[in-house]
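This report concerns only the one structure given below.
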Amino acid sequence: MNLQEINKTKTSILKLLGDNCVYAALLKLKMLIDATADYTLREQYQQQRTAYDSLLQYVVAGAQDTGREKILQDITQSIYTLTDLCVIALSCNQSYELFYTRWATHSRGTIGEIVSKYDNLAKRSQLLQAAPASRLNQQALAEVKRAAEMTETDMFDQVWTRFPLSAADCAAVSSVFTSQQVPGYFKGLLISALLLGSTKFYDPSKLNLLLDIYINSDNDDLQIRALTAAIIIIYQYHTRLLGNHQLEARLRLLDDCAHFRNDVMSILRRLIYSRNTENISKRMREELMPNLMKINPDLLNKLKGKSGIVDPSELEDNPEWADWLEKSGITKKMEELQELQFEGGDVFVSTFSHLKGYPFFNIMANWFMPYHDSHSSIDSTFGPGESPLRKVIADAPFLCDSDKYSFAFSMGSVPEMQRKMMMSQFDAQNASLKEMTSAELPDDKKRQRDMLANRYIQDLYRFFKLFSRRAEFKSIFDSSMDFLQIPFLRHILDDKLNLGVIAEFYMKNGFYDDAIGYYGRILEVDHNVTPQVLQKIGFAHQNLGHFAEAIDFYKRYEIVNDHDTWTLRHIATCYRALRDTSNALVYYKKAEKLAPDNASLCLNIGHCLLEQGKTNDALNYYFKVDYLAPEKHKAWRPIAWCSFAVGNFEQSENYYKKIIESGEDEVQDHLNYGHVLLCSHRAAEALSQYRTALVMEKGDKVDAFTHDFDADAHYLVEKGLDWHYITLMREAVISRQFKQQ
């Protein structure tokens, strides 16, 4: 079997099991078993085949068995596991995926052996450090540190690729988390290994280990990492885990843990918020950075000190700089980004994505390494011993661990003077952010755990989005993250406040499909919701182009509040999008009674009347718009066109002249002005306007002009012009164009 056939067969088996076609799945699995030629796998397969045949015989015989569901679940789980074991056995000699190459490297060793090796290195390090300061062997200490870091990477790879974990493996991993001698960062690293392995092949032992860590650890960071990993695994396999009463019971028991519900909601919100990361990065790239690049060089030179670099402390006090920032709109954009950052938005990913090329990130495990300034790579950057830079980076509250390493490495190439200045600014910002966080959120413990979840999810996001071989890994960030589909967590999500927070996020950031799902769930949970929920569902449908559905929800809101101008206007807009001009006009008129001097309303009423062929009535509304908002010029084009339509060529010409003089003229303005002049029997002047329109066309100018001119020809015929005359006029315009080429 080649790789394509292996994966196709696995996909088929998973689908069959999902459809409860267990016997057909067993027949498919036999193809994989036979291909492995592995006696142990064949024996395990035969056991499950026999067990399932017996179960079916009992069913046919009409036997009552209260344990039938548990037996069926065990058989199904065994088929899943056997399928995965076959895939590994058949792929390891064919695939160049990291998982299979690392599996081949570490398959002979045991996790217990690596734990023992790590313990021995820790003891050797302690002995070396026990020597008097004058006799410390720094070279030996550095060698032990590097050996320990290599062992940490090996342990990561072992835990990641070992499938399934045996009882001895689980005991060895558990011993790491119960040991007081093992540093916290190494424990955090292994949590990511458990997560990464489970995203490739589901292993209930790994999930149970993560839940054990959450329950038993006294470290907030380890608890949050473990629960985050567990939630991601449960989400990825939620259909497969349906009916797993053991897992369901265990999660229910966690309700008694002090922070469980808050932690779950914090993690779910942060995962959901990560969906906006690409939008934030796009705003950084397309809005903020291009404007910063437009800074006047003369202004920039004025701000440079003797060192030849800009001192950020001077920017705030420089009125010329502040004035430029305000006028350019950068200040507003930076304030918006700062607000997003404080809410947990990942504003740094685009900045640090370019700083993942350091050798440190060539080792996959390092993408998940919690930041600790004792790492040898940090020593290589800043030198051994204490350094204020180490502490400043470690204390940065809004940087995830991956970005802290990137920032530290980038500082290694910065000149000392500039480095000190940047660090002083960074240190001041850290202090300011900590003070702001403490002042605004009295529940420090909850806020702290929320920030831990945010930073860990940012670390995961960077790996799954930036790692050079990311295509080999299944990422939650590429999914819809519809957590309402997880039955084990629904009792936590099914809270009106929690649902509302997520729904508002989706609405605010334009994820309208998801917003509808969460608002819809609010309606299911509580029928006595505020009417605004109906209004918001309507708005979400409208933005998706579901105009009939939008009207339905808007009208349900209208029953409660029929004097809401905003809703009436949006109902009218939806009707107009459905080309139901009559109903659109009814609702625009309702809104007009509440806001008679609203120029936008009058403009839309004019459009509806024009679409109904009531040109004179439309013209009256357009004049009203021009009176109410003369500075916006929104009514000039429709006034000019309607005047032409009713035969008032002089009035039409006046308005087309105003449009052209305003500098906001477009191709269609010159084309229409040409029509007015042609119908006024001023062919030479019409020719001039037509030629201007042709020159302004994009792409193939002649084809575009011909299309636009011919589309309007019937209006000229209606005004009494001869069809041949109209065609010849068009040809005269085009011939002039060719003569000039």
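Summary of values
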{"item": "Relative contact order computed over the chain (Cα-Cα under 8 Å; 6+ residues apart), in percent", "result": "7 percent"}
{"item": "Accessible area (Å², 1.4 Å probe, nearest 10) - Arg691", "result": "40 Å²"}
{"item": "Three principal axis lengths of segment 507-567 [C-alpha, angstrom, descending]", "result": "28, 26, 20"}
{"item": "Orientation-averaged projected area, Cα convex hull of segment 134-266 (nm²)", "result": "9.8 nm²"}
{"item": "Estimated vicinal HN-Hα couplings, Hz - segment 206-218 in sequence order (Karplus 6.51, -1.76, 1.60; Gly, Pro = x)", "result": "5, 5, 5, 4, 5, 5, 4, 4, 4, 6, 9, 6, 9"}
{"item": "Segment 662-721 - Kirkwood radius from inverse mean 1/r over Cα pairs (Å)", "result": "11.6 Å"}
{"item": "Debye log10 I(q)/I(0) for the chain, one point scatterer per Cα, at q = 0.05, 0.09, 0.11, 0.12 Å⁻¹", "result": "-0.42, -1.03, -1.23, -1.34"}
{"item": "Compactness of segment 86-149 as Cα Rg over 2.2 N^0.38 Å, two decimals", "result": "1.70"}
{"item": "Loop-resident sites, segment 567-645, for trypsin sites (Lys or Arg not before Pro), counting at most 10 other Cβ within 10 Å (DSSP)", "result": "Arg579"}
{"item": "More than 19 angstrom apart: percent of Cα pairs within segment 457-516", "result": "46 percent"}
{"item": "Solvent-accessible heavy-atom area per residue, rounded to whole Å², over the chain at 1.4 Å", "result": "50 Å²"}
{"item": "When each of Lys589/Lys719; Lys593/Lys632; Lys634/Lys698 is checked by Cα-Cα distance, pairs over 27 Å", "result": "Lys589/Lys719"}
{"item": "Radius of gyration and Dmax over the Cα atoms of segment 1-99, both given in Å", "result": "14.7, 51"}
{"item": "Segment Ile660-Asn620, extension gain: residue separation times 0.36 nm, minus the distance between their alpha carbons", "result": "12.1 nm"}
{"item": "Equivalent ellipsoid dimensions for segment 68-205 as semi-axes, Å, which come from the Cα gyration tensor, largest first", "result": "36, 17, 10"}
{"item": "In Hz, Karplus ³J(HN,Hα) per residue of segment 110-126 (6.51, -1.76, 1.60; θ = phi - 60°; x = Gly, Pro)", "result": "10, 5, x, 5, 5, 4, 5, 4, 5, 4, 5, 5, 5, 5, 5, 5, 5"}
{"item": "Computed helical MRE - 222 nm, the chain, DSSP H runs ≥ 4 contributing -39500 (n - 2.57), nearest 500", "result": "-22500 deg cm²/dmol"}
{"item": "Ellipsoid semi-axes in whole angstrom, largest first, where each is sqrt(5λ) of the Cα gyration tensor of segment 157-205", "result": "19, 13, 7"}
{"item": "Inter-probe distance in nm under a simple model that places probes 7 Å from Cα toward Cβ, at Thr101 and Thr153", "result": "1.3 nm"}
{"item": "Of all accessible heavy-atom area on the chain, the percent that carbon and sulfur account for (1.4 Å)", "result": "52 percent"}
{"item": "In segment 634-722, the GluC sites (Glu not before Pro) that fall in loop regions by DSSP, at most 16 other Cβ within 10 Å", "result": "Glu664, Glu666"}
{"item": "Hull volume in cubic angstrom per residue (convex hull over the Cα atoms of segment 527-686)", "result": "121 Å³"}
{"item": "In order through segment 46-61: 3J(HN,Hα) via Karplus (6.51 cos²θ - 1.76 cosθ + 1.60), integer Hz, x for Gly, Pro", "result": "5, 4, 5, 5, 5, 4, 6, 4, 5, 4, 5, 5, 5, 5, 5, 6"}
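The values are calculated or read from the model by the stated rules, or taken from the named source; none is laboratory data. Being a predicted model, the structure only gives us computed values, none of them experimental. Ideal geometry is used to build each Cβ from the backbone, glycine not excepted, and the neighbour counts take in all protein chains shown. Accessible surface is based on the protein model in full, side chains and every heavy atom, while ligands, DNA and RNA are left aside. Shrake-Rupley method; radii C 1.70, N 1.55, O 1.52, S 1.80 Å.
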